[in-house]
There are 2 protein chains.
Amino acid sequence: MVRPTTYDAATRAALIDAAAAAVAAGGPDALTLRGVAAAVGATTSAIYALFGSKEQLLRAVHREAFAGLAHELERVPAGGGPLDELLELGLAYRRSALARPSLYLVMFSGDPRLVPTEPADAEAAAATLGRLQGAVGRAQAAGALPGSDPGDTTLELWALVHGLASLELLGALGDRDAAGRHWHRALRGAVAGYDAAG
Amino acid sequence: MVRPTTYDAATRAALIDAAAAAVAAGGPDALTLRGVAAAVGATTSAIYALFGSKEQLLRAVHREAFAGLAHELERVPAGGGPLDELLELGLAYRRSALARPSLYLVMFSGDPRLVPTEPADAEAAAATLGRLQGAVGRAQAAGALPGSDPGDTTLELWALVHGLASLELLGALGDRDAAGRHWHRALRGAVAGYDAAG
DNA sequence: GTTGTTACGTAACACTGTTACGCTACGCTG
DNA sequence: CAGCGTAGCGTAACAGTGTTACGTAACAAC
């Protein structure tokens with residue numbers, strides 16, 4: 001009775017990849033439904049069948065980008081002292097943001113269509129920080145960081161690295177070398193600060 | 001020989017206000033040239049005569065928003081200890097961001113058309129931080145903060161408050177009260193951190 | 001093979017930013 | 001006080017956008 005679907009999961013993944021590539025290449029305005037559809041040999045119907053709207057496609061790109069960031073953080077080895085580990089995680093965060101600047105900025109663009117995030121998005125963001133929170137928890141357990149709730153400190157460290165990444169991508173931190181010095185200074189200061197302030 | 005212009009500076013200011021209001025109300029996609037032109041009783045010709053393109057209009061909104069932020073920071077009184085002053089500046093930054101969330105996020109949206117900022121934009125951003133840098137300089141002079149170059153510490157503090165504002169606007173810091181606790185913890189930690197780490 | 005239901009491509013719609021065109025209003029020249 | 005020429009300005013068209021309605025085509029059941 002029913003015609004079998006050809007807009008399968010593979011098409012869906014390809015569309016997300018093409019959309020992410022378009023955003024990474026030319027920013028959010030460079031993403032057009034006709035463009036991404038043509039890039040994977042489909043039509044706009046495929047997008048509406050699989051996602052429902054451009055907004056939902058962007059949401060999927062959003063989630064994919066957070067997952068990629070989480071993957072980069074997971075790859076950081078856990079060896080060394082807990083504070084060194086936090087520094088390495090911060091630098092890995094920086095590398096990930098610099099690798100695809102437009103995509104990173106879109107993740108936090110604050111497009112109102114993306115801001116009222118669904119619970120799934122909040123969970124994805126939390127999962128992104130899983131690796132970081134683990135390191136914070138270990139540092140606290142080892143007495144290298146104060147506090148008992150790793151979630152609080154994790155969020156505050158996230159705010160710092162996100163702010164650094166955002167400002168660097170906007171050019172406010174100077175060239176690559178100057179920005180690197182800011183990253184090291186700020187990360188060292190933050191870790192020592194929690195140590196000193198309790 | 002020449003017809004006098006009716007698209008004067010007042011029209012220009014009104015267009016910037018209307019554009020900022022549209023962005024603040026519905027995000028960047030809610031800004032349409034026909035819409036802002038109609039809001040001030042003009043036509044799209046006025047925008048093209050005064051700005052040249054939507055991009056230039058957005059740039060003007062950008063600068064206006066940074067100027068407003070600078071104005072908010074200037075209003076913070078300089079009394080009290082230098083570290084308390086830094087805390088108050090951070091909280092003023094937060095209030096300013098929360099007052100017009102969409103506008104704040106657009107300021108850092110990273111739209112590639114805005115990223116390669118002109119020198120004038122970089123100067124505007126620097127001026128925004130003038131008040132903060134003054135407080136940092138005084139704190140350093142008083143020995144309450146280490147370091148000799150207030151510019152470095154200012155940028156790193158800016159990264160922190162920007163990250164906090166960005167995450168709060170995206171809902172990652174929880175409700176208003178929880179976010180406030182994060183702000184206080186992070187600001188105290190940062191100030192103490194520079195103190196401890198040198 | 002016929003039928004019925006579902007997946008899908010196409011084309012239209014309303015809207016966007018942008019630009020070309022023509023009208024209109026004014027200051028200078030007689 | 002006329003007339004003209006230049007510049008300012010509104011209108012309308014253009015290409016391109018997201019979205020949707022519609023017709024076609026492909027398959028399972030009978």
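Among (1) under 30 Å from residue B:132 (Cα atoms); (2) near DNA strand C (Cβ under 10 Å from one of its atoms); (3) in contact with a Ser or Thr (Cβ under 6 Å, 6 or more places away or on another chain), which single condition is residue B:19 missing?
Of everything listed in (1) under 30 Å from residue B:132 (Cα atoms); (2) near DNA strand C (Cβ under 10 Å from one of its atoms); (3) in contact with a Ser or Thr (Cβ under 6 Å, 6 or more places away or on another chain), residue B:19 misses just condition (3).
Considering only residues that are away from DNA strand D (no atom under 14 Å from the Cβ) and over 16 Å from residue A:106 (Cβ atoms), look in region A:1-32 and name the one that is surrounded by the fewest Cβ atoms within 10 Å (Cβ to Cβ).
Restricting to residues being away from DNA strand D (no atom under 14 Å from the Cβ) and over 16 Å from residue A:106 (Cβ atoms), the top hit is A:9.
For residues that are touching a Ser or Thr at 6+ places or on another chain (Cβ under 9 Å) and in a loop (DSSP other than H, G, I, E, B), scanning just region A:168-186, find the one that is nearest to residue B:126 (Cα to Cα).
The residue in question is A:172.
Looking at residue A:117 and the list (1) at the interface with another protein chain (Cβ under 9 Å from one of its Cβ atoms); (2) farther than 19 Å from residue A:76 by Cβ; (3) at pLDDT 95 or above, which single condition is not satisfied?
So residue A:117 meets the others, but not (3).
State whether one or more residues within region B:46-53 are more than 14 Å from DNA strand D (Cβ to nearest atom) and surrounded by 19 or more Cβ atoms within 10 Å (Cβ to Cβ).
No, the conditions are met nowhere in region B:46-53.
Picking from B:39, B:30, which residue would you name as being small (Gly, Ala, Ser), touching a helix residue (DSSP H, G or I) at 6+ places or on another chain (Cβ under 8 Å) and either within 7 Å of DNA strand C (Cβ to nearest atom) or touching a residue at least 12 places away in the same chain (Cβ under 8 Å) (or both)?
Every option except B:39 fails the conditions.
Against the definition (under 30 Å from residue B:188 (Cβ atoms) and not aromatic (Phe, Trp, Tyr)), how does residue B:86 come out, yes or no?
yes
Output the residues belonging to region B:54-100 that are in contact (Cβ under 8 Å) with a residue 40 or more places away in the chain and either among the charged types (D, E, K, R) or within 16 Å of DNA strand D (Cβ to nearest atom) (or both).
B:55, B:57, B:59, B:63, B:64, B:74, B:85, B:94, B:100
Does residue B:7 satisfy the condition of being touching a residue at least 40 places away in the same chain (Cβ under 8 Å) and either farther than 30 Å from residue B:138 by Cβ or within 15 Å of DNA strand C (Cβ to nearest atom) (or both)?
When the stated conditions are applied, residue B:7 passes them.
Restricting the search to region B:90-114, which residues are over 16 Å from residue B:65 (Cβ atoms) and either modelled with pLDDT of 95 or more or away from chain A (no Cβ under 11 Å) (or both)?
Hits for region B:90-114 are B:90, B:91.
Among the helices (runs of 4 or more DSSP H) lying completely within region A:1-89, list those that include at least 2 residues that are within 23 Å of residue A:103 (Cβ to Cβ) and within 14 Å of chain B (Cβ to nearest Cβ).
A:9-26, A:54-74
The values are calculated or read from the model by the stated rules, or taken from the named source; none is laboratory data. No experiment lies behind these values; they were computed from the predicted model shown. With ideal geometry, Cβ positions are generated from the backbone for all residues, glycine too; neighbour counts draw on all protein chains shown.
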